[in-house]
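Engineer: Sharing a structure here in structure tokens format.
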Amino acid sequence: MKAVKWTPDKIRGLKGKAKVVCVTAYDFTTARYADAAGMHLILVGDSLATTVLGYANTIPVTVSQMLHHTAAVSRGAGTAMVVADMPFMSYQVSTEQALANAARFIKKAGADAVKLEGGALRADTIRSLVKNGIPVLGHIGLTPQTVLQTGGYKVQGKTDASIEALLADARAVEQAGAFALVVECVPRAVGKLISETVSIPTIGIGAGPDCDGQILVSHDLLGLSGSTVPRFVKQYADLGSRITTALDQYRREVESGTFPSDEHCYG
Ligand code: KIV
């Protein structure tokens, strides 16, 4: 029997029953591996900017770049839901512009949903997208697109006032119709509190085990991000050193003439 694609309703239905397992991907091949590993949701994160394109933060990545990579991921994904991250200034200027850009991710790049950063401030935009048939994944807590204002990536929700603000943001995103909510970089207890407050699944990244699901950046969990990964990352493989070893051996064999050998030659 052909497996059926994950939809917003099915992801919502996991709340309280099973964890939502998500990862980022930026290309066809990684999307195929992620899908085969049983991911519910693949996010084409705007972390594309730092992981793949080599920028210092996520601010410079453009809609065209995100569209290009989202289309590749959509071609590689099977049952996993593909969510495209809307880049900085593609949804903040006006609701109309947000709708037009989100539609490009759905129609041109084959995404199943979009993600945008921000809580109460973005509720009207989320409402409008959802009303027009575009599923939305929210994102609160540490929001990397505000790095120019915050001056760095800091744990959020450390004071009573900021916990209250996070809870208000979570409720606003839920009421606006988002099917799930990414919660980034908050203390474990705050991740738990937000998860208990909203009826949609929370997907934590640096928000502790009590969230309804987890997401990690694929480059971080596969060991492709160098030595500086945040505390919340667990590295499940060290592909970086395996790539270095393989490329080094290839170079040495070409230099010494042992590659290609007879078995790699046509008769
Ligand atoms: O861009 C990204 O990879 C993200 C995740 C960290 C949630 O937004």
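The values are calculated or read from the model by the stated rules, or taken from the named source; none is laboratory data. Just so it is clear, the model here is predicted, and its values are computed rather than measured. Positions of Cβ are backbone-derived with ideal geometry, glycine not excepted, and every protein chain shown enters the neighbour counts. Keep in mind that these areas ignore ligands, DNA and RNA; they rest on the heavy atoms of the full protein, side chains included. Shrake-Rupley method; radii C 1.70, N 1.55, O 1.52, S 1.80 Å.
Engineer: Of the conditions (1) away from the ligand (no atom under 16 Å from the Cβ); (2) free of Cβ contacts under 8 Å to residues at least 60 places away in the same chain; (3) open to solvent by 10 Å² or more (accessible area, probe 1.4 Å); (4) in contact with a helix residue (DSSP H, G or I) (Cβ under 9 Å, 6 or more places away or on another chain), Ala176 fails just one. Which one is it?
Structural biologist: Failed condition: (3).
Engineer: Looking at Ala84, is it crowded, with 21+ Cβ neighbours inside 10 Å, touching a residue at least 40 places away in the same chain (Cβ under 8 Å), within 13 Å of the ligand (Cβ to nearest atom) and not in a loop (DSSP other than H, G, I, E, B)?
Structural biologist: Details: crowded, with 21+ Cβ neighbours inside 10 Å: yes; touching a residue at least 40 places away in the same chain (Cβ under 8 Å): yes; within 13 Å of the ligand (Cβ to nearest atom): yes; not in a loop (DSSP other than H, G, I, E, B): yes.
So Ala84 fits the description; yes.
Residues checked against (1) in a loop (DSSP other than H, G, I, E, B); (2) within 11 Å of the ligand (Cβ to nearest atom):
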| site | (1), (2) |
| --- | --- |
| Thr29 | no, no |
| Ala49 | no, yes |
| Leu53 | yes, no |
| Val61 | yes, yes |
| Ser64 | no, no |
| Leu67 | no, no |
| Ala71 | no, no |
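Engineer: Continuing with this model, one more query. I'd like the residue in region 208-234 that is within 11 Å of the ligand (Cβ to nearest atom) and open to solvent by 50 Å² or more (accessible area, probe 1.4 Å) and, out of all such residues, is nearest to the chain's Cα centre (by Cα).
Structural biologist: Within region 208-234, the match that is nearest to the chain's Cα centre (by Cα) is Gln214.
Engineer: Please state which of the following conditions Ile42 fails to meet, knowing it meets all the rest: (1) within 17 Å of the chain's Cα centre (by Cα); (2) more than 12 Å from the ligand (Cβ to nearest atom); (3) buried (at least 16 other Cβ atoms within 10 Å of the Cβ).
Structural biologist: (2)
Engineer: Need the failing condition index for Asn101 against (1) among the polar types (S, T, N, Q); (2) open to solvent by less than 10 Å² (accessible area, probe 1.4 Å); (3) more than 17 Å from the chain's Cα centre (by Cα), just the number.
Structural biologist: Condition (2) is where Asn101 drops out.
Engineer: Within region 131-147, work out how many residues are part of a helix (DSSP H, G or I) and within 16 Å of the ligand (Cβ to nearest atom). So that I can check it myself, show each step before the final result.
Structural biologist: Pass one, region 131-147, residues part of a helix (DSSP H, G or I): 131, 144-147.
Okay, now just the ones that are also within 16 Å of the ligand (Cβ to nearest atom), so 144-147.
Result for region 131-147: 4.
Engineer: Right, next: Which count do you get for residues in region 87-98 that are surrounded by fewer than 20 Cβ atoms within 10 Å (Cβ to Cβ) and assigned to a loop (DSSP other than H, G, I, E, B)? It would help to see each step written out before you state the result.
Structural biologist: Applying the first criterion (surrounded by fewer than 20 Cβ atoms within 10 Å (Cβ to Cβ)) to region 87-98 yields 89, 92-97.
Now restrict to residues that are assigned to a loop (DSSP other than H, G, I, E, B): 89, 92-94.
Here the count works out to 4.
Engineer: If you scan region 158-173, which residues turn out to be free of Cβ contacts under 8 Å to residues at least 12 places away in the same chain and either within 18 Å of Gly204 (Cβ to Cβ) or surrounded by 16 or more Cβ atoms within 10 Å (Cβ to Cβ) (or both)?
Structural biologist: Initial filter on region 158-173 (free of Cβ contacts under 8 Å to residues at least 12 places away in the same chain): 159-162, 164.
Of everything in region 158-173, just one residue is free of Cβ contacts under 8 Å to residues at least 12 places away in the same chain and either within 18 Å of Gly204 (Cβ to Cβ) or surrounded by 16 or more Cβ atoms within 10 Å (Cβ to Cβ) (or both), namely Ser162.
Engineer: Related question: Looking at Ile205 and the list (1) open to solvent by less than 50 Å² (accessible area, probe 1.4 Å); (2) more than 14 Å from the ligand (Cβ to nearest atom); (3) among the aliphatic types (A, V, I, L, M), which single condition is not satisfied?
Structural biologist: Ile205 satisfies all of (1) open to solvent by less than 50 Å² (accessible area, probe 1.4 Å); (2) more than 14 Å from the ligand (Cβ to nearest atom); (3) among the aliphatic types (A, V, I, L, M) except (2).
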